[in-house]
Amino acid sequence: MDSKNLSPSEDFLRWRPQYHLQAPSGWMNDACGLGYDPRTGLYHVAYQWNPGSAHWKSISWGNARSRDLCSWEVLSTPSIIPESDGGSKGVFTGCLQPTNVDGQADGVLTILYTSARRLPIHYTLPYDRGSERIHMATSRDDGKSWIPYTGNPIVPGPPPELDVIGWRDPYVAEWHSMDRALGREPGKRLYGLVSGGIKDKAPAAFLYAIGKDALNSWEYLGPLSAPCINHTPSQWTGDYGVNWEVGNFLSTTDKSAQPHDYLIMSVEGCLSEQGKPHNAQMWMHAWIGIDDKGKPTMTFDYGGRLDHGRRYYAANSFWDPISQHHVVFGWLQEHDLPEIWHDRQCWSGMLSLPRVVKHSELHSVHGALATALSKITSIGKTLEPKGTYTISTLASAPHPALEKLRGNLLPFPSPTPAMKHATSTRIAMFPHPTAHLEIDVSCLLALDTRRVGLSMLHSADAKQRTTMYFDAREETFVIDRSQSTTIAGVDTTPETAPHTLFRFCDTSGTGTVPQEPLDVRALYDVSALEVFVNERTAIATRIYPDRATCFGIEVFLESEPDTQSQPKSAAERGEVAWTRSQCWEILPDQQVHYSKNENENVDCLFCSALI
């Protein structure tokens, strides 16, 4: 397709998702101000936004509200802008409390956020104290507009005794594990994290205690930091970088009601194999303790990438009292698309679909496909009496509310329960092309399976495709984007993630070793693709097909027989059994509605056409 023949309105819509949360137009990045207001039954999600351009500049907050985390009302003008914040240079990331400043649920909402006073700010530049301050604002109209607190800044800058390279993005919530570690009664106060780094030492999250009945009262407790700069336990975990942003904490419990504490952080300054710095989205399970000076500490136990996609960043979260889940939204960047297209389509970036994160366990684990359990640093390992292990990790999955978007089932190419030995493929074309779908498959791999996967077909002749597959020998899950588009300049670098399947103790007495199935869920929305593998490996990416749609699905299997062993069963003879294979068309109509905010008067590209 010749892109020169597209009108501006076609450019705007060409790769614009329909069931992902987006600003009406312009640049958007970090999710902020997330929360649930029990008084109104509304979920709130704000985001950093420049409504006047598809590039980062003069950052305000956009605002969206929902009753189900699926259908959104998005204000077409900002709810808080730098000029309304006492002359700041940007309204950066923050969090929401569904109370007033005194902790009362009287219909007032409160946000705590970074007010940027001077720019530029970056971990590679000398830190300018006073350039980042914690501010507070309140709303009496359900987040449509915000009134800055008269006592701002509530925290004027980082701890004076520390030489920091960054200090921003406050996150505030209860933290009962920290209460217990400090010898305080659980639930009587809040804790705040401000993310950053300590020069030449380590990235860090600076911990504060906050009065539940005085959100303007912050007491600095100390830094929770990584062991060192660019701490990299192994390829299974990744690199914890130089500076942290948008740090969150969460406590979850296992079936024995034992607490497990996690940090989620956006990491700047990771080093690739080529030595080039990049950003990543990480998590870590850590032990809370107290040092010899009575200061709280967190010690790394195990951890990994929250999302392995190169364009997923700035994950922010909140506890949802309705679903009883910890809910996460991330920023899906537009950086794989040439900037000329950002200007032509008049927008850049979106938020990911809402995810739930939780502590997950597998029991009676005997081993993995190839790597020794002791070498996999993204899991916790507890020895069981029978010599096997309980494996622990942080699970990540699409929020259950998203299932209500499923429409009609689409054909899936698995008419028989097994695909036979050697290389084979099957294909199913849809009755009509669709740009919105969900795939949910599960299969049991044979011992000689090398690769198993599927391709979304973006053209009727099946030449344009996005392929995702699991390589069992390499213990890697890959999203191959190399044939997803012919548009010049689009970055189609493959997305890769370390992933294995676990083997369990034989309880049948047959001598076979039961193996974990490969479970894959994928949600596609025009140019956004989010994939979840066994609820412990997530990969969000962007694709830009010429016709931004899907014509069908092809599944494939590649086997490499092991001539050194004698097959004993069907599972060992190269058959992959598909125990679940479903594909739905997603119905995104009316999922996002743009409404005019009468409290603001800011021109917004294309807003008049969308209201």
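Just need a number here: residues in region 32-50 that are part of a strand (DSSP E or B) and not hydrophobic (A, V, I, L, M, F, W, C). Break it down stepwise before answering.
Taking region 32-50 and keeping what is part of a strand (DSSP E or B), we get 32-37, 42-50.
Filter once more, so that each one left must be not hydrophobic (A, V, I, L, M, F, W, C): 33, 35-37, 43-44, 47-48, 50.
Of the residues in that region, 9 qualify.
For region 42-54, state whether one or more residues are in contact with a Lys or Arg (Cβ under 6 Å, 6 or more places away or on another chain), among the aliphatic types (A, V, I, L, M) and either more than 22 Å from P338 (Cβ to Cβ) or crowded, with 20+ Cβ neighbours inside 10 Å (or both).
yes
Do any strands (runs of 3 or more DSSP E) entirely within region 271-369 hold 1 or more residues that are among the basic types (K, R), and if so, which?
Values: elements: 277-290, 296-307, 312-320, 325-332, 355-368.
Those strands (runs of 3 or more DSSP E) span 296-307, 355-368.
Residues of region 225-244 being part of a loop (DSSP other than H, G, I, E, B) and hydrophobic (A, V, I, L, M, F, W, C), which ones? Can you show your working first?
Just the residues of region 225-244 that are part of a loop (DSSP other than H, G, I, E, B), to begin with: 226-242.
Of everything in region 225-244, those that are part of a loop (DSSP other than H, G, I, E, B) and hydrophobic (A, V, I, L, M, F, W, C) turn out to be A226, C228, I229, W236, V242.
Collect the residues in region 230-269 that are of a type in the set (A, V, I, L, M, F, W, C) and touching a strand residue (DSSP E or B) at 6+ places or on another chain (Cβ under 6 Å), keeping them in residue-number order.
Answer for region 230-269, where residues must be of a type in the set (A, V, I, L, M, F, W, C) and touching a strand residue (DSSP E or B) at 6+ places or on another chain (Cβ under 6 Å): W236, V242, W244, V246, F249, L250, L263, I264, M265, V267.
Identify, from the list G247, G222, the residue that is part of a strand (DSSP E or B), of a type outside the set (S, T, Y), modelled with pLDDT of 95 or more and on the phi > 0 side of the Ramachandran plot. Give the derivation first.
Numbers: G247 fails: on the phi > 0 side of the Ramachandran plot.
Of the residues listed, the single one that is part of a strand (DSSP E or B), of a type outside the set (S, T, Y), modelled with pLDDT of 95 or more and on the phi > 0 side of the Ramachandran plot is G222.
Restricting attention to region 18-31, report how many residues are farther than 15 Å from W56 by Cβ and part of a strand (DSSP E or B).
Residues of region 18-31 that are farther than 15 Å from W56 by Cβ, as a first pass: 18-22, 24, 31.
Then drop every residue that is not part of a strand (DSSP E or B), which leaves 31.
Number of matching residues: 1.
Checking I376 against (1) surrounded by fewer than 22 Cβ atoms within 10 Å (Cβ to Cβ); (2) among the β-branched types (V, I, T); (3) more than 21 Å from the chain's Cα centre (by Cα), which test does it fail?
(1)
Test each condition in (1) out of contact with any strand residue (DSSP E or B) (no Cβ under 6 Å at 6 or more places or on another chain); (2) in contact (Cβ under 8 Å) with a residue 12 or more places away in the chain for E161 and report the one that comes out false.
In the conditions (1) out of contact with any strand residue (DSSP E or B) (no Cβ under 6 Å at 6 or more places or on another chain); (2) in contact (Cβ under 8 Å) with a residue 12 or more places away in the chain, E161 misses (2) alone.
Please state which one of G211, G241, G197 is under 26 Å from P148 (Cβ atoms) and either under 27 Å from the mean Cα position of the chain (by Cα) or at pLDDT below 95 (or both).
Values: G241 fails: under 26 Å from P148 (Cβ atoms); G197 fails: under 26 Å from P148 (Cβ atoms).
So the residue among G211, G241, G197 that is under 26 Å from P148 (Cβ atoms) and either under 27 Å from the mean Cα position of the chain (by Cα) or at pLDDT below 95 (or both) is G211.
Quick check on region 5-12. Is at least one of its residues in contact with a Lys or Arg (Cβ under 8 Å, 6 or more places away or on another chain), within 29 Å of T549 (Cα to Cα) and of a type in the set (A, V, I, L, M)? Before you say what the answer is, go through the steps one by one.
Of all residues in region 5-12, those in contact with a Lys or Arg (Cβ under 8 Å, 6 or more places away or on another chain) come to 6, 8, 11.
If we keep only those that are within 29 Å of T549 (Cα to Cα) too, we end up with 6, 8, 11.
Okay, now just the ones that are also of a type in the set (A, V, I, L, M), so 6.
Yes: region 5-12 contains one or more residues that are in contact with a Lys or Arg (Cβ under 8 Å, 6 or more places away or on another chain), within 29 Å of T549 (Cα to Cα) and of a type in the set (A, V, I, L, M).
Do we have H432 as within 26 Å of T541 (Cα to Cα), modelled with pLDDT of 95 or more and buried (at least 19 other Cβ atoms within 10 Å of the Cβ) here? Can you show your working first?
Details: within 26 Å of T541 (Cα to Cα): yes; modelled with pLDDT of 95 or more: yes; buried (at least 19 other Cβ atoms within 10 Å of the Cβ): no.
It is false that H432 is within 26 Å of T541 (Cα to Cα), modelled with pLDDT of 95 or more and buried (at least 19 other Cβ atoms within 10 Å of the Cβ).
Residues in region 169-187: is at least one part of a strand (DSSP E or B), in contact with a strand residue (DSSP E or B) (Cβ under 6 Å, 6 or more places away or on another chain) and on the phi > 0 side of the Ramachandran plot? Let's see the steps before the verdict.
Within region 169-187, the subset part of a strand (DSSP E or B) is 169-173.
If we keep only those that are in contact with a strand residue (DSSP E or B) (Cβ under 6 Å, 6 or more places away or on another chain) as well, we get 169-172.
Now restrict to residues that are on the phi > 0 side of the Ramachandran plot: 169.
Yes: one or more hits.
The values are calculated or read from the model by the stated rules, or taken from the named source; none is laboratory data. In this text the structure is predicted, and so the values were computed from the model without any measurement. FYI the Cβ positions are ideal-geometry reconstructions off the backbone, even for glycines, and counts take in every protein chain you see.
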